[in-house]
1. Which one of Ser85, Ala51, Leu110 is farthest out on the positive end of the charge dipole of segment 28-110, using unit charges on Cβ (Lys, Arg +1; Asp, Glu -1) and the Cα centre as origin?
2. Can you compute the modelled spin-label distance between Asn166 and Thr124, with each label point 7 Å from Cα toward Cβ, in nm?
3. Can you list residues from other chains, or at least 5 along the same chain, whose modelled amide H is less than 5 Å from the amide H of Ala66?
4. So between Val50 and Arg219, what do we pick up on full extension, going 0.36 nm a residue minus the alpha carbon distance?
5. Once label points are set 7 Å from the Cα along Cα→Cβ at both Ser69 and Ser212, what is their separation, rounded to one decimal in nm?
6. Using only C-alpha atoms and all pairs of different ones, pull out the Kirkwood radius for the chain in Å with one decimal.
7. List the aspartates and glutamates whose Cα lies under 13 Å from the Cα of Lys227, skipping any in the same chain that are fewer than 8 positions away.
8. For segment 9-167, compute Rh as the Kirkwood radius over C-alpha pairs and then the Stokes-Einstein diffusion coefficient at 20 °C and 1.002 mPa s; write the answer in µm²/s, rounded to an integer.
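No value in this document is a laboratory result; all are computed from the given coordinates. As the structure is a prediction and not an experimental result, all values here were calculated from the model. All Cβ positions, even for glycine, are placed from backbone atoms using ideal geometry, and neighbour counts span all protein chains on display.
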Amino acid sequence: MKLPRFFIGLVTSLAMAGCLFALSPSGLPEGKVELFLLAGQSNMSGRGAVADLAPEDAAIDPHVWALNSADAWQPAVDPLHWDKSATGVGAGKFFGRIVAAKEPGVIVALIPTACGGSPISTWTPGGYWVQTKSYPWDDSIARAKRAMRDGTLKAILWHQGESDSNPTDAPLYEERLTDLINRFRKELNAPDLPFIIGQLGRFDAEGRSWDSGRIEVDRAQRAVADKLPNVYFVPAEGLVSRGDKLHFSTASQKIFASRYAEAYFKSQTAR
């Protein structure tokens with residue numbers, strides 16, 4: 001049986017990742033480790049098609065790692081998340097590659113914790129999300145603390161709000177997001193931790209305009225970024241869906257990642 005070029009490249013890259021670096025007892029390569037928590041719902045988890053990845057984007061970057069479902073480090077490979085069977089390509093690995101390229105010698109370690117469909121109300125202590133049979137807040141904090149044994153937490157990347165874009169929850173979103181950010185910073189003992197908010201997808205050109213709920217969530221996210229220190233709002237202008245008018249395509253996730261990275265670098269120069 002002839003193996004696909006993608007599979008051959010993946011195996012080769014994995015072998016290279018193991019050969020290029022000596023691994024520390026943590027399971028990560030030796031070096032300065034910078035951690036990034038990926039949180040929110042499906043557009044952070046990623047629903048882009050893996051088959052749409054260019055070979056260079058699918059390849060292993062030995063400087064970019066991710067915490068897997070067993071809480072062990074492995075080279076970052078899309079999909080990073082496992083919340084639902086539809087999980088695909090998100091912004092996480094693209095983001096990690098950009099950061100690693102700009103910071104030679106640094107190991108970027110991603111902490112996937114997003115849960116598809118989860119409303120912000122489930123991102124509270126004890127909150128349970130039936131679709132993923134998980135506790136979004138509790139699980140994200142546990143995984144962050146486990147990862148922080150091996151590196152320094154540098155930022156949280158957040159994309160969420162579609163599930164709150166309704167008449168009941170949208171008016172409460174600003175208060176709930178403010179509370180969420182404050183809880184993350186307090187629980188992780190990082191009062192100035194950068195928090196980067198990705199804008200909801202606006203797919204007007206594809207025939208889906210925002211309703212009042214999405215407009216309100218967008219307003220709330222912008223307001224929180226304006227009011228809280230070291231919180232950044234990343235626009236999704238010009239991005240397209242994978243065809244479902246809800247989830248970003250693989251190509252759009254790559255662009256989105258560059259915007260997340262731009263906000264992150266801004267947070268570092270602002271200090």
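1. Of Ser85, Ala51, Leu110, it is Ser85.
2. Going by the 7 Å Cα→Cβ label model, 1.5 nm.
3. Gln74, Ala76, Leu110
4. Roughly 57.6 nm would be gained on extension.
5. 4.1 nm
6. On the way: mean 1/r = 0.0534 Å⁻¹.
About 18.7 Å, per the Kirkwood formula over Cα pairs.
7. By straight Cα distance, Lys227 reaches Glu174, Glu175, Asp179.
8. Details: Rh = 15.9 Å.
Rounded to a whole number, D works out at 135 µm²/s.
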